[in-house]
1. What Kirkwood hydrodynamic radius do you get for region B:187-247 when you take the inverse of the mean 1/r over all pairs of distinct Cα atoms, in Å?
2. For region B:81-120, what is the convex hull volume of its Cα atoms per residue in Å³?
3. Could you calculate the FRET efficiency of A:Leu90 with B:Phe29 from 1/(1 + (r/R0)^6), where r is the beta carbon distance between them and R0 is 25 Å, rounded to 0.05?
4. Just from its helices, what would the mean residue ellipticity at 222 nm be for the protein assembly as shown, if runs of 4 or more DSSP H residues each count -39500 (n - 2.57) and the sum is divided by every residue, rounded to the nearest 500 deg cm²/dmol?
5. Looking only at trypsin sites (Lys or Arg not before Pro) in DSSP loops with at most 16 other Cβ atoms within 10 Å, what is the longest site-free stretch of chain A?
6. When we measure straight from the Cα of A:Lys172, which aspartates and glutamates land under 16 angstrom away, once same-chain ones fewer than 8 places off are left out?
7. Using +1 on the beta carbon of Lys and Arg, -1 on that of Asp and Glu, and nothing else charged, what's the dipole of chain B about the Cα centre, debye to 20?
8. Looking at region A:183-227, what % of the alpha carbon pairs are farther apart than 15 Å?
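Please treat every number below as a calculation from the coordinates, not as lab data. No experiment lies behind these values; they were computed from the predicted model shown. Using ideal geometry, Cβ is built from the backbone for each residue, glycine included, and neighbour counts are taken over all protein chains shown.
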Amino acid sequence: MTTVPQDVKRSLQQPSMWTQIKKHLPFYLFLLLPLIQVIIFNYLPMYGIQIAFKDFKMRRGIMGSSWVGFEHFERMFNDKTFYRVLFNTLKISFLSLIVNFPLTIIFALMMNEVKHARFKRVTQTITYLPHFLSWVVVGSFVYQILSPSSGIINALLVKFGLIDNPIYFMIKKEYFVPIYLIVSVWKGLGWSIVIYLAAIAGIDTSLYEAASIDGAGRLRQVLSITLPSIMPTIATMLILSLGSLLNVGFDAIFNLYNEGTYEVADVISTYVYRRGMIDAKYDYTTAIGLFQNVASILLVLTGNWVSKRLDPDFRIL
Amino acid sequence: MTTKAIKENKSHIQQSLGGKIFNVFNYLFILFFCFTIFFPIWDLIVISFSRPQDISVLRTNMWPTVWITDAYKYCFQDPLLGRAFLNSISRTILGTLYHLTICSLAAFSLTRKDMPFIKFFTIIFLITMYFSGGMIPAYLNIRSLGLLDTFWVYILPTGFSMYNTIVIRNYFNSIDKSMEESATIDGCSMLQFMYKILLPLSKPVLATVGLWQIVAHWNSWFDNMIYAKPESLITLQYLLRRMSDSAQALQDQAAMMSITDQMATGLPTPQTIIAATTVIIMVPVVIVYPFLQRYFVQGIMVGAVKG
């Protein structure tokens, strides 16, 4: 944050810390509620992470359980399922990134080329919509459309003689990742272009006028003006998504997968849920969660560091 | 005016064949994308109004053979659905108000740059964006707080979001500082200033964050699944989730016999009931959403531009 000149003037007079505190007394009171909120619901769970290093017994509580050092982490690195879910997590998020990222930019540019204001407004409203539907509802769409007994996709495939018998897509391993990718693009595409459209709207229009006088066509203008102008936004979004590589959306997977597709669909968070909440292996799954959390933070920090190197003014916040 | 007209005229002349083809393709693609969004919604509407025997076969018709409302009658007679509706509505309203209160209080304090220890508090809040206890410690925490199986488990844990706080703070920062100075000179306390002047002036951002939160609460189901087991606390999304689960189990176990029997009796099948429930859940979103759509981005844009 940049300091305004008044602040400089005030700091020259050097008011004592005590007067400053007294002056801001109401704000300390305002902070009280938010602080209690984060301490109880954010910091207490962080305190609970210690059970990753303990043999957690519910009746003994977090404090009373005995320490076991890195036992759970050793178990984790010997757990074949853990490697499988780690691999699935990385695979699914890499693929989503590769598919989603360019598509979002292309779709933003396409939407920007629509000159008909009403068409643009209406279609944008429609394309935002899936973002506001829950994954439970979207999951229900997907199961219906791909249903082997009454789904439209199977009906069309059978009608045109492409397949003889309906396929139960949702329980077939080979279809899970493509289905996941298509559905997540479908759900997020409309909304994810908002930030790019805002960036494009901020471009100085005289650049386009000058270019068109110089005889630049529309494609030339997009490549030479629009894309370079939104590069900082693209870089920021890329770094942000790199930071969340280990966080495949639990909601999406959980509402699309089933026992038939666990092998390819199970990611870290769904595995933690099943082993932790269903099998009640609290300490072991806390260790897995901690591993994921720490790795994610390292990714975010690396991304932040790289982008600061590239552009000193870069700030995520 | 004239230059603009010339420019438009010129760009019209310059519209190459490639440009025209692109335009057609562009509009068609966007229309197709919109169609893929309409289609699943319409498909479920058709199913929810169809007779079970009409939709148990592979069909390509997008119109019910006969319009019947049995599935809806069944749904509206189900006391569980009514309960879920009430729970979803109340968690959405209370949860959003609580969230806005907490975030606005934090955001107002974070606008004070020369307040002692404000950096420390900011860091305390910022850490929550990057690090969390994770699913299991969060569950154990809720459990030890005694919030399991209570309604408050929907409201309290989602009370704070640093991201939303920053969005609100940026907007607060964009409001003219002289406003606050004159209010203070007139003897207005900070609390009075906040709810009489600052918050009314910040309606756009509060609407934006409030809408995000409304959607998040309406769509939330995971907290219901792990924190609130009693039927009396069920929410719409989790009810639907549970119904789909059991319907899938039916299909998996090839228990189609009982469904065929049910069909013969003409009662709604799980499939039509699920479709009707999905439609009921979507209706508020789909109807209200287009009117509010611009508020979803408006507040954040102003805050981002001025902040």
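1. 14.5
2. About 55 Å³ per residue, rounded to a whole number.
3. Working: r = 31 Å, r/R0 = 1.25.
For R0 = 25 Å, the calculated efficiency reads 0.20.
4. Working: 36 runs with 441 residues, N = 624.
Value at 222 nm, helices only: -22000 deg cm²/dmol.
5. Working: sites that count: A:Lys57, A:Arg59, A:Arg60, A:Lys115, A:Lys172, A:Arg315.
Longest gap between qualifying sites, sites excluded: A:173-314.
6. A:Glu259, A:Glu263, A:Asp266, B:Asp252
7. That gives chain B a dipole magnitude of about 920 debye.
8. Values: 529 of 990 pairs.
When every Cα pair of region A:183-227 is considered, 53 percent fall beyond 15 Å.
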